[in-house]
Every structure is written in C-alpha cells, then in structure tokens.
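One structure below.
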Amino acid sequence: MNYFWFQLWREWKLSIAEILAIFPDSEILFSGSSVLILWNILKEDISTNFSKIGWTIKVFELELQPDLEAVYEKILEYSKGSEWKFKYSLNLFWSKNLKLENILKNTKKIFKSKNISARYFNKDDWKNLSSGQIIWNNVLKKWFDFNLVDLWWIFYFWKTIQVQDIDSYSKRDFSKNRDMQVGMLPPKLCQIMINIWRKNIFKNIENLNIYDPFVGLATVLIEALNMGILWVFWSDLNEKMVDESRKNISDFISKNLLKNISFKIEKLNAKFINESEILQKEKIDLIVTEWYLWEIMTKKNISLDRINKQKESLLSIYSKFFENLAKVDFSWKIVICFPFWELNGKFIYFNEILEILNKFCVIENIFKNSEINLSSKSGSLLYKREKQLVWREIFKLKIKKI
C-alpha cells in the first residue's frame, strides 16, 4: 500500500485537523509541524477533493527506491517520449546527507550523457520549489515536479499529485466588494472551518445547508459555493453588509456559471437569532461564522483597557446569540471564531467566552476520534498571522438542549 505525503501550511495543527476530517479512514504513519504522512486512502479521493482543502501545500506518493541510482532511472523514465526539451523540478526533504544542488547537477549530467535536452526549474539558490513557483511555471500541467525523501540513505521518490492553487484564492478574495474596516476571514480558513465540521463531508456536500448569521462580505459562503455546496443562507444587522454580501454572492454565481443554487438573505440582529425566518423555515445543517472583530488595533493604540472593552461588547452579543439559539433547539454543529490579542509580547485570550459556551454548548474537540490530539485544553485551535495583533481561536460547538 502506498503512503501519501501531505506538505502542511504554516498553521500546521489546522492542516492536520482538516486532512484527518476529510480522510477519516486514513491511518497516520508520521505527523509533524511540516508534514503528515498517511496511508489507507485512495489517490482518486485526493485528486477529487484537493481543491476543497484549504491548508495543504501539496501532496505526493511515497514509493521506496533501493538507492539513488534508481531515483535517477525513475526521472529518466519520465523523460521518454518527450518531443521537446524535458523540464522538471526536484525537491529534497529531510536529508542530512545530500545536497539538492548536487542531485540536480547529476540529473543534468545523466540527461546529457543520454543526449536528452533537459532543464530543471529550481533556481540558483537550490531550494525546493514553492507552490507558487510550481503553479506559475505550469509544472504539473506540462511537466513534472519530483520529490525525494532521504531517511538516512533510505529513499522515497515520486512525482507531485496535487499542489495548492494560491492564485485561485487571491482571485476570489479580491473580486469581492471589500471594506477594510471590517475584519474578513481568510478564504483558506473558511474552507478549514467547513471541512472540520464532520466526517465524509464530500460524499453529499451538495445537499449541505450552511448559514452565516454574521455574514460580513460573505467570504464563508463564497468558499462554501466554491466547494460545491448548493444551499447557502445568511443574515447581518448591518444593511450595508447585507447589500454587499448579496452582490458578492450574486457576482460569484454569475462569474462561475453556477446552477441550482438556493439562497436566502435577511437583515437580522444575531442577538435575536431565535427570530430568524431562515432557522424557522429552512433545515440548516451547519453554522460557520465569525463576528466582526471590532476596532482595528495597532501597536500604537492597543491597550488592555481597549481589549477589555471589546470583550465586554462581544460578550453582550454572544451571550444572547447562544441563549436564543438554544431556544430554537438548533441541533447541528457550529464552527466559529473568537478573537484573542497580543499585547507586549503576551497573548490575551477571550477566556470569558468559555463561561457562555459551557452554559449553552458542548465544546467538541476538533480532533475527536483521531489518533492524535493537538487542540488546546478547551478543544480549540488557534490561527495567527504575522504582524497582526488580533488573532482567532476556532471552536467546534453543539448547542445543548435546554
């Protein structure tokens, strides 16, 4: 049985949580901060679902090779039948014995000895290619991206199966009407929040009904539509956000020629979620959302007093939101972000929200039923970005019956 190497994104715990949720029957050979190696999954399932995975850079199979000469022979095999100059990239992982520069030069010598015209995409710094470089050079569309794993002279080698199309995220992100005063979930994070909801989500994803009661610019729902979900619902108290989100959703449906989409919008204060016509009339499977992170903070104006005021404002909203959500007996899952802050090199967590969550919700461990558990003590996972002071803590919840 083949093993599959998943190269993880910066927030690797989120990467692993998402991958294990998407491939619940897989088994872990190795997990670390940069890579997850799985077996007991099908290559077809990876290819089918990869574009819907938010936090994996690339995937390739691991095939054992007896020695380095066998690796060179494998590369030569792929060059056969090439009518033009053969182009390729090569990436080296984990090796303490080899240098990528030397391996690349050796491949060039071997091609020359065989009178094969060849060129590698790796630049003069002799580094592995990034996902952007693979995409921008059309490596997978026209040529091959090879990967060599060296475990103390035990070699695994294979070509890349899938690589993340970072341009597609940028296109979706910047095609929306934007408001720089409104905190906006990154598209990749939206995908993760949808994916970690439950097992085998892709088997009937078109029938999933998703609702965002703090819709903002509709980033969550655009990612949901892009993943194949056909039923999206949303609301917001801010009239401008209702209008902007309607336009963003309509534009996305039109540009991507999507069909059979069902959606409904309403202007609603989420504190009174029990009055929502959407929840009263529609079968909602999942709420994925993040409330506006409040005031923009910089190093010049952030303070403990401002943070506490934001907490107080958010608590007044969320206490009513969860209380009234419990009143309508919402029985499905909620995946939601709450803020936490960095002040003078220390993290200020929104611990006050835990009292509300424990009163009205069951906090589900995001790694529930997994071989590993990388979540916090409360079952959450953190999302941080460099040079930002307001970050996100992600919870997976289920409303208690009261």
Exercise. State the extension gain, in nm to one decimal, for the chain segment bounded by Ile296 and Lys401, taking 0.36 nm per residue of separation less the distance between their alpha-carbons.
Key: 34.2 nm
Exercise. State, as an integer percentage, the relative contact order of the range 31-163 based on alpha-carbon contacts under 8 Å between residues 6 or more apart.
Key: 38
Quiz prompt | Nitroxide proxy distance, nm - points 7 Å out along Cα→Cβ at Lys123 and Glu323 | solution = 5.7
Quiz item: Separation between the Ser130 and Asp45 pseudo-spin-labels, each 7 Å from Cα along Cα→Cβ, expressed in nm?
Solution: 3.2
Quiz item: Given a Förster radius of 25 Å and the C-beta distance between Ile166 and Asp251 as r, what FRET efficiency does 1/(1 + (r/R0)^6) yield to the nearest 0.05?
Solution: 0.70
Quiz item: Cross-link list Lys281/Lys327; Lys159/Lys396; Lys333/Lys387; Lys96/Lys171; Lys283/Lys401; Lys247/Lys311: which exceed 27 angstrom alpha carbon to alpha carbon?
Solution: Lys159/Lys396; Lys333/Lys387; Lys96/Lys171; Lys247/Lys311
Self-check item: Amide proton proximity set for Val35, modelled H, under 5 Å, gap of 5+
Solution: Leu8
Practice problem: Please work out the Cα center distance from the range 243-308 to the range 6-49, rounded to the nearest Å. | Solution: 29
Self-check item: Percentage relative contact order, the chain, counting C-alpha pairs under 8 Å, at least six apart
Solution: 14
Quiz item: If we count other beta carbons within 10 Å of each Cβ, what is the order of Ser370, Ser254, fewest first?
Solution: Ser254, Ser370
Quiz item: Of the labelled options (i) 45; (ii) 50; (iii) 54, which one gives percent of Cα pairs over 29 Å apart as computed for this structure?
Solution: (ii)
Practice problem: Could you compute the FRET efficiency for Glu266 and Glu371, with r as their C-beta to C-beta distance and R0 at 51 Å, rounded to 0.05? | Solution: 0.75
Exercise. On a 0 to 90° scale, report how tilted helix 68-79 is relative to the longest principal axis of the chain, with both axes built from alpha carbons and the result rounded to the nearest 10.
Key: 80
Exercise. Round to the nearest 0.05 the FRET efficiency obtained for Trp153 and Ser82 when R0 = 45 Å and r is the Cβ-Cβ distance.
Key: 0.90
Quiz item: Once both axes come from the Cα atoms, what is the angle between helix 100-113 and the longest principal axis of the chain, in degrees from 0 to 90, rounded to 10?
Solution: 40
Quiz item: Can you list the residues of the range 359-402 with backbone N under 16 Å from a point 7 Å past the Cα of Lys346, pointing along Cα to Cβ?
Solution: none
Self-check item: Helical contribution to [θ] at 222 nm, DSSP H n ≥ 4, -39,500 (n - 2.57), averaged over the chain, rounded to 500
Solution: -10000 deg cm²/dmol
Quiz item: What's the angle, to the nearest 10 degrees (0 to 90), between helix 304-327's Cα axis and the longest principal axis of the chain?
Solution: 80
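Throughout, read-outs are computed from the coordinates displayed, never taken from laboratory work. Small disclaimer: the values here were computed from a predicted structure and weren't measured. We place every Cβ from the backbone using ideal geometry, glycine too, and count neighbours over all the protein chains shown.
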